[in-house]
Amino acid sequence: MSGSDLIKNDYNPEEIEYMLRENVNALKGSIDQIYYGLLNYLTESEQRNFLSYLKDQVNSLQDTLHKSVVEKAAHINDLNLQLSKSYKELELLKQSLEQRVKKKTREIKKVQQVTIFALARLAESRDQETGDHLGRMRMYSYMIAKELATMKEYKEYIDQKYINNIYYSSPLHDIGKVGISDTILLKPGKLSVEEFEVMKGHTLIEDRTLGDAEKQLRKKSKSFLSMGKKIAYCHHEKWDGSGYPFGLKGNDIPLSARIVALADVYDALTSKRVYKNAMTHDMAKSIIIEGSGKHFDPVLVEVFLKLEDKIKDYCMRKFAD
Ligand SMILES: [Fe+2]
């Protein structure tokens, strides 16, 4: 322990200050006594020489101190300039890295979205769907979700992330059809009761597949696949409980699946298949109105009618292409 520590331990700050002041006064007194005592022993000429000597010493000390302070200040100034330059370089590097990370993240996300859509399309290619069924149904789903987000009852629940998720995950709804045999999947006529039971299984295959994929992801990345899983699982459920695989009813059916159910049926009705012609928008609209409260969530049917012109315009594009 140092002397100053010992003093600090035994005395409070006021006592230390008092002691220091007393000691400085005593020292000053001693120096004065030596100085004036010394002057008494010197002749006038010696006193002048002595005072001149003291003056030189003081001036020399002042010069040394001044040089030292100037040098230190210049050095500190240099250091400050270097630090400021380094901070600017670091800031530029940070901005550049952030931009590169953002760009890479966007690229990876785009690759993921394209890959998922390609997978969904691959599954669809085995089916009898024609044209860009997935592209249209995901756009209808997106439009409906976006409109819901403006409504008081859904504002809290549906944000931009939800709207994006439904756009990117809804094409996965029928991916489980890859597990259904060609004889059933491509059968031109009506399916038998047994065949229809097998066909219903595509929702459960999807749930297992997407559920396994979801388990491999960290919590933050799950929302997209979680929604995809709900949609795949429940897009054949009906509002009145007469759907499959479990006959869920009303709001027990996830909202995303209710939206996709309507979008999927509307596009199937208005599209040509090898076994049927495309219905007009008005005919499909009548079927959807008829299905309100039975097949479809009545609120979603209202939203569909509100968006009718936009949906019809988008639907008509396939005839223009
Ligand atoms: Fe399906």
Completion exercise
A correct fewest-to-most ranking of Phe117, Phe224 by other Cβ atoms within 10 Å would be Phe117, Phe224
Exercise for the section: Quantify how much of the Cα-Cα distance distribution of the chain extends past 28 Å, in percent. Expected result: 61 percent
Completion exercise
Given unit charges at Cβ for Lys, Arg (+) and Asp, Glu (-), the dipole magnitude of the chain about its Cα centre in debye, nearest 20, is 1760 debye
Completion exercise
Yeah, region 43-111 with a ≥ b ≥ c from its alpha-carbon gyration tensor (a/c under 1.5 is rounded, else prolate when a/b outruns b/c, oblate otherwise) is prolate
Practice task
Could you work out how far the C-alpha centroid of region 59-102 sits from that of region 282-321, in angstrom?
Solution key: 68 Å
Completion exercise
Within region 124-210, DSSP-loop GluC sites (Glu not before Pro) with at most 12 other C-beta atoms within 10 Å are Glu156
Exercise for the section: With only alpha-carbon atoms counted, please give the Rg and Dmax of region 1-156, in Å. Expected result: 41.7, 126
Completion exercise
Too long for a 29 Å Cα-Cα cut-off, among Lys152/Lys249; Lys104/Lys177; Lys152/Lys230; Lys104/Lys229, are Lys104/Lys177
Handout entry: Of Ser86, Pro254, Tyr266, farthest towards positive along the dipole that unit charges on Lys, Arg, Asp, Glu beta carbons give the chain
Key = Tyr266
Handout entry: Distance in nm between pseudo-label sites at Ile108 and Asp182 (7 Å out along the Cβ direction from Cα)
Key = 3.9 nm
Problem - Residues with amide H under 5 Å from that of Phe296, placed H, sequence gap 5 or more - result: Trp239
Practice task
Could you line up Ile289, Ile34 from fewest to most neighbouring Cβ atoms inside 10 Å?
Solution key: Ile34, Ile289
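Quick note: the coordinates plus some simple rules give every number you see, no bench work behind them. For clarity, every value in this text was computed on a predicted model and none was experimentally measured. Note: ideal-geometry Cβ built from the backbone for every residue, glycine included; neighbour counts use all protein chains shown.
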